[in-house]
Amino acid sequence: MIDQELSVVVLDSDPKTAEKTASLIRFLGYPAYTAANEESFRARILELPSIVAILVAADARYKLLDSSLQAVADDSLRCACFLIKGTGAGGKPPVAYRSRIQGVISENASYKELLRTLQDAILFYKCGGRAESDSSAMLCRNLVGCSRDIHTVHNLIRQVADTEASVLITGESGTGKEVVARCVHSLSSRRDHPFVPINCGAIPAELLESELFGHERGAFTGAITSRQGRFEIAEGGTLFLDEIGDMPMDMQVKLLRVLQERTFERVGSHKTIRSNVRIVAATHRDLDQLVAEGRFRLDLFYRLNVFPIEITPIRKRVSDIPLLVEGYINKLEREQRNSFRLSECAMACLASYYWPGNVRELFNLLERLAILYPQKLIKWADLPDKFRPNQELFVEQLEESVDWQNRAHSAAARIDLPMDGIDLRPHLASIERSLMTQALTQSEWVVARAAKLLNLQRTTLVEKMRKFEIQRPEELTNY
């Protein structure tokens, strides 16, 4: 489900063309509105809380583009602007506009092109209206999602990145804690220096000190040469301490000393080395509980927990799953590897799954499906058993869907075209109005329920009700 506060405005002097593009955008799940000129666009700015993108049709001398960009500047909007070029128009917009727009799309853009454009617009919007001009912004592409939780994580990263504060990232395994850590580093002033990760839980306790601080030749059995530790390698950059909750207590004391004094010694050496690194730590454990149990030092916890960032598991942000799937499939296509598509029923299965392994488990499944079913449409039956636990329910829903479609096709088959033809638009409009009225009546005029019956966004149904002048019966207005 797309964040309904993020709106798209299509500017075109031709209302029919504008509405056609807006309808495609609504089909993709984004609230979309139209404007025919500068005045109506400025009215939209006042009316809509958050405009994430404007799509402006190319006209003579780019007057509409110029006026819309001026309106964006006047109101300090951070929305992305895209130019819609007709089939007969030239390739690139004038030089004066190239640095002020985020891209050009064709008049007959496909769903895929529109979706990619809107995803770029959301990234631009969440980066505070800054174009992604380097690898740091590209890294934020890995934090895919439209949920409020991911939006909050993006905001927290931007707020803390350019400071020297220690960051503690918490979340279940597989939620993408290292991705967040890399984003913090890449958006910071230390971006040109190393980002050095170390998994504190994957290294034996007796070797962890050497891994962190390095050692001199002969410091212990097997130390045949001197070696730098992660603190030295990360000098000037960021040291990412993953699974900090698994660090042994004796190592916690030594780490605390480094954080306090900014100095350390290699194992087997008395030479003090100054350290200039930023610490970003992560854990899937409850550090408060570990502190209460005496398994994690309270003073170290305070040192690390200066700026906490929590990543929500994907089962609690189901609306992000389709975007994560789409993003991974796009990655497969960019790498020219096997691609595939998911049916609506298969996607519903993924949305209902518990995902104990979170994003990592999702991506592993998609990788497996790409190998097993290259260039195929993945259906419910193609998914592994554990991803479709409610088999009877899904089969029942599928049968109902097929039965409804068969009845719809049968009804359509009984309509005969008159010999002298028919005006199709009003005929289809009457059918659409009838179905909406039936859905509203069946749902006792609760618009959200009716929209669900019609597989529409609530805002889309409200617009159609206005268009067809469908009003709530007077006897229900007081309820």
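Residues being touching a residue at least 12 places away in the same chain (Cβ under 8 Å) and over 18 Å from residue 279 (Cα atoms): count how many of those fall in the range 218-242. Talk me through it step by step, then tell me what you get.
Filtering the range 218-242 down to residues touching a residue at least 12 places away in the same chain (Cβ under 8 Å) leaves 218-220, 223, 226-242.
Checking which are over 18 Å from residue 279 (Cα atoms) leaves us with 218-220, 223, 226-227.
The total comes to 6.
Of the residues making up the range 176-205, those that are surrounded by 20 or more Cβ atoms within 10 Å (Cβ to Cβ), on the phi < 0 side of the Ramachandran plot and assigned to a loop (DSSP other than H, G, I, E, B) are 187, 188, 190, 200.
Pairs linking a residue in the range 28-53 that is under 11 Å from residue 6 (Cα atoms) to a residue that is outside any helix (DSSP H, G or I) and of a type in the set (Asp, Glu), with Cβ atoms under 8 Å and 6 or more positions apart or on different chains, are 49/5; 50/5. The range 270-374 holds helices (runs of 4 or more DSSP H) entirely within its bounds, and those carrying 1 or more residues that are under 30 Å from residue 212 (Cβ atoms) map to 287-292, 298-304, 358-372. Residue 455 passes every criterion in (1) at pLDDT 70 or above; (2) part of a helix (DSSP H, G or I) apart from (2).
Applying a threshold of 6 Å to beta carbon distances and a minimum spacing of six or more residues, or different chains, the list of pairs starting in the range 427-444 at a residue that is within 18 Å of residue 457 (Cβ to Cβ) and ending at one that is part of a helix (DSSP H, G or I) and modelled with pLDDT of 80 or more reads 439/450; 439/453; 440/450; 443/449; 443/450. Across the range 277-305, the qualifying residues are those that are touching a residue at least 12 places away in the same chain (Cβ under 8 Å), surrounded by fewer than 21 Cβ atoms within 10 Å (Cβ to Cβ) and among the hydrophobic types (A, V, I, L, M, F, W, C), and the one among them that is nearest to residue 245 (Cα to Cα) is 290.
The residues of the range 306-335 include none that are crowded, with 18+ Cβ neighbours inside 10 Å, more than 14 Å from the chain's Cα centre (by Cα) and not hydrophobic (A, V, I, L, M, F, W, C). The single condition from (1) surrounded by 15 or more Cβ atoms within 10 Å (Cβ to Cβ); (2) modelled with pLDDT under 95; (3) among the aliphatic types (A, V, I, L, M) that residue 249 fails is (1).
Of all residues in the range 147-161, those that are modelled with pLDDT under 90 and closer than 20 Å to residue 192 by Cβ total 1. Here the range 353-371 is the region considered, the condition is being out of contact with any helix residue (DSSP H, G or I) (no Cβ under 7 Å at 6 or more places or on another chain), of a type outside the set (Val, Ile, Thr) and over 16 Å from residue 314 (Cβ atoms), and the residue that is surrounded by the most Cβ atoms within 10 Å (Cβ to Cβ) is 369.
Considering 320, 299, which residue is of a type in the set (Asp, Glu) and within 25 Å of residue 154 (Cβ to Cβ)? Write out each step before concluding.
Working: 299 fails: within 25 Å of residue 154 (Cβ to Cβ).
Unique residue meeting the criteria: 320.
Against the numbered list (1) modelled with pLDDT under 90; (2) under 23 Å from residue 302 (Cα atoms), residue 178 comes up short only at (1). Residues that are at pLDDT below 75 and either surrounded by fewer than 18 Cβ atoms within 10 Å (Cβ to Cβ) or assigned to a strand (DSSP E or B) (or both) within the range 98-126 comprise 98, 99, 111, 112, listed in sequence order. Here residue 255 does not fit the description of being of a type in the set (A, V, I, L, M, F, W, C), in a helix (DSSP H, G or I), touching a Leu at 6+ places or on another chain (Cβ under 7 Å) and outside the structural domain of residue 152 (by the TED database).
Under the condition of being modelled with pLDDT under 95 and either on the phi > 0 side of the Ramachandran plot or basic (Lys, Arg) (or both), the residues counted in the range 275-284 number 0.
Among the residues of the range 7-27, those identified as more than 21 Å from residue 77 (Cα to Cα) and touching a residue at least 40 places away in the same chain (Cβ under 8 Å) are 13, 14, 17, 21, 24, 26, 27.
The values are calculated or read from the model by the stated rules, or taken from the named source; none is laboratory data. These numbers were taken from a predicted model, which means no experiment stands behind them. Note that each Cβ is placed from the backbone with ideal geometry, even for glycine, and that neighbours are counted across all protein chains shown.
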